[in-house]
């Protein structure tokens, strides 16, 4: 799901050392007020070359459109009065419409379009503006945050994931306020950087993989 959803956590693994997961105690950057949406000039539907996933950006927030993959066996189809397959399409799943499907083995596989709010009135996630066309979307999970960077411009949306890796697991030791939670082979490090520490983190390059989406 990495290409479909924003990343919620990342891990640092080294030989002979337990894995570490870095998360944040508060939404980033520090000392910046949260925004309810991105600026109106950047509203639109952004997608890659394929139909899914795509991101809808509007005054109500940000929404992820993706496909939930399901399957149904040929035996179930034969016994069903609701579902049927004609050619490469399955009927009865979506009211008054059909969905493309693929037969693999004894089952037909098909995708059902879904829409998920990742920023908005009912979302716990927090958006903060970095500059005129860049934002941080902080995903909240159980009171902890993981940021990703959104960059808008030229009818494009670039999503950069928080994915900082350092072999010695010490690169973020300059963040003074932290808490470690140890659970079996995984250590979760909760960070609360100051504005100065946050700027230093940016200089280290804490955002890795970037995906490009366009208004098509």
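Among the residues of region 22-40, which ones are surrounded by 18 or more Cβ atoms within 10 Å (Cβ to Cβ) and more than 22 Å from residue 120 (Cβ to Cβ)? Full working, then the answer.
Step one: filter region 22-40 for residues surrounded by 18 or more Cβ atoms within 10 Å (Cβ to Cβ), giving 22-24, 27-29, 38.
Residues satisfying the conditions are 22, 23.
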So, residue 181, is that one at pLDDT below 95 and in a strand (DSSP E or B) or not? yes
What do you reckon, is residue 138 farther than 19 Å from residue 66 by Cα and without any contact (Cβ under 8 Å) to a residue 24 or more places away in the chain? no
Can you spot a residue in region 82-91 that is under 25 Å from residue 127 (Cα atoms), out of contact with any strand residue (DSSP E or B) (no Cβ under 6 Å at 6 or more places or on another chain), surrounded by 14 or more Cβ atoms within 10 Å (Cβ to Cβ) and free of Cβ contacts under 8 Å to residues at least 40 places away in the same chain? no
So residue 175 ticks every box in (1) surrounded by 12 or more Cβ atoms within 10 Å (Cβ to Cβ); (2) in a loop (DSSP other than H, G, I, E, B); (3) modelled with pLDDT under 90 but one. Which box is left unticked? (3)
Just give me the residues in region 134-159 being surrounded by fewer than 19 Cβ atoms within 10 Å (Cβ to Cβ) and over 15 Å from the mean Cα position of the chain (by Cα), in sequence order. 134, 142, 143, 153, 154, 155, 156
Among 120, 92, which is modelled with pLDDT of 95 or more and at positive phi? 120
Could you please find all residues in region 104-113 being in a strand (DSSP E or B) and exposed (fewer than 12 other Cβ atoms within 10 Å of the Cβ)? 104
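Kindly indicate which of 71, 98 is more than 16 Å from the chain's Cα centre (by Cα), surrounded by 13 or more Cβ atoms within 10 Å (Cβ to Cβ) and modelled with pLDDT of 95 or more. Talk me through it step by step, then tell me what you get.
Values: 98 fails: modelled with pLDDT of 95 or more.
After applying the criteria, what remains is 71.
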Counting residues that are modelled with pLDDT of 90 or more and under 18 Å from the mean Cα position of the chain (by Cα), which strands (runs of 3 or more DSSP E) fully inside region 1-65 reach at least 2? 17-24, 44-47, 54-58
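The values are calculated or read from the model by the stated rules, or taken from the named source; none is laboratory data. What you see is a predicted model, and the numbers here were worked out from it, not measured in a lab. Don't worry about glycine lacking a Cβ; one is built from the backbone with ideal geometry, like all the others, and counts go over all protein chains shown.
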